[in-house]
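In what follows, a single structure is set out as structure tokens and then discussed.
The values are calculated or read from the model by the stated rules, or taken from the named source; none is laboratory data. Please read all numbers here as calculations on a predicted model, not as lab measurements. Cβ coordinates were reconstructed from backbone atoms using ideal geometry, including for glycine residues, and neighbour counts include every protein chain displayed. Surface accessibility is based on the protein's heavy atoms, side chains included, excluding ligands, DNA and RNA. Shrake-Rupley method; radii C 1.70, N 1.55, O 1.52, S 1.80 Å.
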Amino acid sequence: MTQKIDPLKKMNWFDRIAHPGQFLKWSRYLILPLAILSVILFGVGLWFAFFNSPEDYQMGDTVRIMYIHVPNAWLSQLVYVTMAVSAIGTLVWRHPLADVAMKAAAPLGAAFTTMALFTGALWGRPTWGTYWEWDGRMTATLILLLMYLGIIALWRSFDDQLRAAKLIAIIVLVGTINIPIIKFSVDWWNTLHQPSIVSSEGLSMPASIYTPLLIMMLAFTTLFALLQTNAMRTEILRRKADRQLRKSLNKENG
Amino acid sequence: MIDLGPHASFIIIAYLGVAIVTLALIISNIAQYKKQKNRVKSFEDKG
């Protein structure tokens, strides 16, 4: 008599929630709450940004560009850190969801970095008198965008996604050196960029400006969580469909 | 709408650009999910 073995029973809780099939099941319950939270946060954040925050004493109304520039700049780096953690998961633990997360994050990172550069240029022209300056932070952010685009191209150039994952994981980890350069470039080199708004001396801006900034950062971060979850679900389904396609082709070819 | 001062065009273009890219990102995210879900479903229907 054969006994049916459930492989999930042998897994610990972490492996169980991170198993691609299980991830598809439980992550569907995250989509709607994250979407609702995003809409609320964007609504409140935009209301604060346009109707309940003062103009800056130096920059005037252009300070309102900060409410979309800083969240996108923050996400351009957070997404890369997410990819770096996933790269470690791919190389060290060979976790089945790690390379799915790494692949899903790259286009999102490219989009957030593009928006950070775009809004930065539009903020820079009236504030500094130039759209672009080859300073440390802007140049390193442009390099970050090129890295995202290169990683997306690499994923597309491989048929074998598991082989691609190992190579891309190494590239992602090497590229991590760019993140502290972006973060600390304003302290290391002369730049038009202002230093960090949070320091050991506290906040360098009034609460009336910091509040909409914080809400917009939460809104964009929630949006990233939503899009990343859905993109991971998409990638799992794509691999499942590809496997089924290969199976049916093998059947046809005998 | 509040008065955005002499640099209003920069502010409006920045917000419009981000809105367009964000919407495109959301639409593409949903469309790709639906496409893959339909692929899996069509294979499952074929058995």
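Quick notes on this one:
- Test: residue in region A:144-167 that is open to solvent by less than 20 Å² (accessible area, probe 1.4 Å), at negative phi and in contact with a strand residue (DSSP E or B) (Cβ under 9 Å, 6 or more places away or on another chain): no
- Taking (1) modelled with pLDDT under 95; (2) within 18 Å of A:THR113 (Cα to Cα); (3) not small (Gly, Ala, Ser) in turn, B:PHE43 satisfies each apart from (2).
- Of the residues making up region A:80-107, those that are surrounded by fewer than 23 Cβ atoms within 10 Å (Cβ to Cβ), assigned to a helix (DSSP H, G or I) and of a type outside the set (S, T, N, Q) number 10.
- Looking across region A:39-65, the residues that are assigned to a helix (DSSP H, G or I), at the interface with chain B (Cβ under 10 Å from one of its Cβ atoms), out of contact with any strand residue (DSSP E or B) (no Cβ under 7 Å at 6 or more places or on another chain) and farther than 10 Å from A:MET216 by Cα come down to A:PHE50, A:PHE51, A:ASP61, A:THR62, A:ARG64, A:ILE65.
- Those residues of region B:1-23 which are open to solvent by less than 80 Å² (accessible area, probe 1.4 Å) and either more than 12 Å from the chain's Cα centre (by Cα) or more than 8 Å from chain A (Cβ to nearest Cβ) (or both), in sequence order: B:ILE2, B:LEU4, B:GLY5, B:HIS7, B:ALA8, B:SER9, B:PHE10, B:ILE11, B:ALA14, B:TYR15, B:ALA19
- If you go through region A:216-254 and keep only what is hydrophobic (A, V, I, L, M, F, W, C) and away from chain B (no Cβ under 11 Å), you end up with A:MET217, A:LEU218, A:ALA225, A:LEU249.
- Within region B:1-12, residues that are of a type in the set (Val, Ile, Thr) have Cβ atoms under 9 Å from residues that are not in a helix (DSSP H, G or I) in these pairs: B:ILE11/B:LEU4; B:ILE12/B:LEU4, counting only partners at least 6 apart in sequence or on another chain.
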